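Every number here is computed from the coordinates shown, using simple stated rules; none is lab data. What you see is a predicted model, and the numbers here were worked out from it, not measured in a lab. Counting neighbours? That spans all protein chains shown, and the Cβs are built from the backbone with ideal geometry, glycine included.
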Amino acid sequence: MRKYTIGMLVVNQSGVLTRISGMFARRGFNIDSLEVGVTEDPTRSRMTITMTGEDYDRDQIVKQLEKLHDVLVVREMIPESIVSRELILLKVSASSANRQEIIDAVNIFRNKIIDFSPESLCIEATGETSKIEAFIELMKQYGILELCRTGTVSLDRGTKSLTNS
Amino acid sequence: MTGAQIVIETLIEQKTEVVFGYPGGQVLNLYDELYKNSHRIRHVLTAHEQGAAHAGDGYARATGKVGVVMATSGPGATNLVTGIANAYLDSVPMVFLTGNVPCGLIGRDSFQEVDITGITMPIVKHNYIVKDVTKLADTIREAFRIAKSGRPGPVLVDIPKDVQTAECDFVPAPVSEAVIRNRYGEEQIAKAGEMMRASEKPYIYCGGGVVTAGAEKELAALAEALDCPIGTSLMGLSAVPASSPRKLGMVGMHGIYTATVAKSRADLVIAVGVRFSDRATGNKNEYLKNAKIIHVDVDSAEIDKNITVDLGIVGNVKDVLATLLKEAPTVRRPAWWEEISAIRRYEEENKAKQDEGFTPYRIIDAVNRFTDADTPVATDVGQHQMWTAQRYRFEKPRTFISSGGLGTMGFGLGAAIGASIGSCRRAVLITGDGSFGMNLNELATAVSQNLPLVILIMNNGVLGMVRQWQTMFYDRHYSETVLNRKTDFVKLAEAFGAVGFRASSEEELNAALTKAFASDGTVVIDCLIDRDERVLPMIPPGGTVNDLVIR
């Protein structure tokens, strides 16, 4: 079992996400995360999918995605040559007794405090999955009140892109 | 022009000659235009939308053209679903047009409203709901292009009623051309050449993709050069004439013994336009363990999907085969053919004797004497389908019209209607009493269209295929497979305005066939066969060639 990242450009119109997620469901593919958002060209959306599986699963996912009419480009992104980020917003309970300790942790992880109340802190964290996981783990001891997490987004390093490779 | 006019003009522009369908509230405007344009485009009214879908499917299979089907919103659209799935599983090029409630009523659970694009999403190549009349013509053109490009399949276009009444300019366009990409390079062809030259016992496994691509000649030429036998999938059956000495017949669960066993002895299998369905492979871990496999298909997702192969070549099967021919050694293989002859002798000596008395094989042989090489022969699904695939001598491509992937009981009558209309010929339907009972309402269509159909019902009073499994794997618990119906198919045929005969002997059958083939109308022949007739040989599900039951 390995982790794979798949990058896609798709037509930006309603129903595209349903087609893609529906195809995953009916072919029994399990994915870890799926991110989608419009690109600088409003007719196109960019998707990043991460999945855990074997080469067979990756090959089938890429080939079946290629067949969908609304999918313009799809390919695997090689882990060694991409930059990837996730973002979380995390609300943790904080009191005068432990607030400074939490702030220290936030600073060490180079995250940001974006809201402050007498009983809680709201923290924005971005980074690779491993950093995000470690930070969430650390925050558990203070009591996580709420957490919201995007999936991974990835770009190729250098000038390489989905459309020129 | 109104949207409805645009739909009809675009269909005509795309060379649509026939539309199969059924009117209703949300397609009234489309039907009004069909009425005004009846001299330019023919509409065939069926008894049920499912029948229309299967008729369009049979039409497309028999002609290679895109089958076009029209239905209203709600139940009209949902009645198409089995037919759409059937076309999807067998890669049949079709365009389905449905009406829907006006855009303003969508999402409000209006009368006869369903989300048909949502419902059909997993069983179409693509689908659309058109909410802007200016995009209507191009969407339909795109639907035709998608339906016939690459690996063909069904496309659905849902058109709300207000889009049918809205107006815009219509700009004619040429017929949408199919796009078929070749995605192989010299490297793969060279490797295939090496594999072909290294092989002593090559075998070509031919599927429906060969028929779709019209690559029968290229396939035959490659087999000739390699001096190798050909086995086919159910879908590829008509790609190779029965009279070819290279054709061993269908392989798989109910395949011909020699075809299946020879395949398992081959050292190289060139699989062309097949998808290695579980019904064809049995146990995948044991399948062709000792052979190298070259897989040629237009759909890249089929390579390594079900069976991991040594070499995949993605492209137009016709082009690939022509290219492979240049790399193929021209050799004679007496030892390989002697081995095949020995397998055949074993088969002849050991197979179940199924041609004594009024048996399915004898019925098929009798039909075969009345038909010619161009007669489309449709089937339903079950024992009669396998008997037909095993026994009928198909000589020309697109003459075998059968539901492969979905295995749709009730497919046959609609399909035979479509095949007869498409080929402008008498069509034969070989069916069973179970399958025929599912959609026999389409007899009304056959009669009202004055179609020369010969319908043979292999009537054994049971759901034979399921019963056969119950016999073999469920301790003869014949749960709900004994029909005990009182249906008189002769009277039923007459009630529909067709002609009916009953045959319980070969003499009666010959007499009935003589009259049927002299008639210009629809004739039903109720053939009474024994309920214990089995389909043999059989490889039990998940089994291997070693588990093959020959008698």
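Couple of notes before you dig in:
- Amide H contacts of residue B:250 (H built 1.01 Å from N, under 5 Å, at least 5 apart or other chain): B:232, B:256
- Rounded FRET efficiency, nearest 0.05, which uses the C-beta distance separating residue B:278 from residue A:40 and R0 of 51 Å: 0.65
- Once the convex hull of all Cα atoms in the stretch B:360-528 is built, its volume per residue stands at 108 Å³.
- Sites residue B:484 and residue B:349, calculated FRET efficiency, Cβ-Cβ separation with R0 25 Å, nearest 0.05: 0.05
- Computed over the stretch A:2-77, the P(r) tail beyond 16 angstrom holds 43 percent of alpha carbon pairs.
- Modelled label positions at residue B:373 and residue B:308, each set 7 Å beyond Cα in the direction of Cβ, lie 4.4 nm from each other.
- Calculated from backbone phi, Karplus (6.51, -1.76, 1.60) coupling profile of the stretch B:271-288 in Hz, x at Gly/Pro: 9, 10, x, 10, 10, 6, 4, 4, 5, 9, 9, x, 4, 5, 6, 9, 5, 6
- Counting all C-alpha pairs of the stretch B:186-350, share separated by more than 27 Å (%): 14
- Using the Karplus relation 6.51 cos²θ - 1.76 cosθ + 1.60 with θ = phi - 60°, the per-residue 3J(HN,Hα) values for the stretch B:225-235 come to 4, 7, 6, 10, x, 10, x, 10, 7, 4, 5 Hz, with x marking Gly and Pro.
- Cα principal axis extents for the protein assembly as shown, largest first, Å: 101, 65, 53
- Proximity of backbone amide H atoms, modeled 1.01 Å from N, is registered between residue B:429 and B:378, B:454, B:455, B:456 at under 5 Å, excluding neighbours fewer than 5 places apart on the same chain.
- For the stretch B:180-233, the convex hull drawn through the C-alpha positions has a volume of 88 cubic angstrom per residue.
- Computed helical MRE - 222 nm, chain B, DSSP H runs ≥ 4 contributing -39500 (n - 2.57), nearest 500: -11500 deg cm²/dmol
- Euclidean distance of C-alpha centroids, the stretch A:50-83 and the stretch B:513-546, integer Å: 46
- Maximal additional length on extending the residue A:13-residue A:93 stretch stands at 24.8 nm, based on 0.36 nm per residue less the C-alpha distance.
- When its C-alpha radius of gyration is set against 2.2 N^0.38 Å (N residues), the stretch A:89-165 gives a value of 1.35.
- Legend: residue pairs B:217/B:318; B:15/B:135; B:201/B:318; B:201/B:396; B:15/B:396; A:91/A:112, Cα-Cα distance threshold 18 Å; pairs beyond threshold, B:15/B:135; B:201/B:318; B:201/B:396; B:15/B:396.
- Pairwise label distance in nanometres, residue A:83 with residue B:177, each label 7 Å out on the Cα-Cβ vector: 4.4
- In this structure, the residue pairs whose Cα-Cα separation is over 28 Å, taken from B:292/B:326; B:191/B:351; A:160/B:326; B:65/B:191, are B:191/B:351; A:160/B:326; B:65/B:191.
- Cα-based convex hull volume of chain B per residue, rounded to whole Å³: 148
- FRET efficiency estimate (nearest 0.05) - Cβ-Cβ, residue B:393 to residue B:331, R0 30 angstrom: 0.55
- 19 Å reach of a label modelled at residue B:342, 7 Å along Cα-to-Cβ, counting backbone N of the stretch B:242-278: B:257-268
- Square roots of 5 times each gyration tensor eigenvalue, C-alpha, the stretch B:320-428, largest first, Å: 30, 23, 14
- Full-stretch length increase - residue B:139, residue B:111 - with 0.36 nm per residue and alpha-carbon distance subtracted: 7.5 nm
- Note on the stretch B:36-96: Kirkwood hydrodynamic radius from all Cα pairs is 11.8 Å, rounded to one decimal.
- Using the alpha-carbon positions of the stretch B:3-165, Rg (one decimal) and Dmax (whole number) come out as 13.8, 41 Å.
- Here, chain A is characterised by an Rg to Rh ratio of 1.05, where Rg is the alpha-carbon radius of gyration and Rh the Kirkwood radius.
- Summarising the strand pairing of chain B, around 5 percent of its internal DSSP beta bridges are antiparallel.
- Phi to ³J(HN,Hα) by Karplus 6.51 cos²θ - 1.76 cosθ + 1.60 over the stretch B:80-93, Hz, x for Gly, Pro: 7, 4, 4, x, 5, 4, 4, 5, 5, 5, 9, 6, 9, x
- Label-to-label distance for residue A:27 and residue A:108 is 4.4 nm, based on points extended 7 Å past Cα in the beta-carbon direction.
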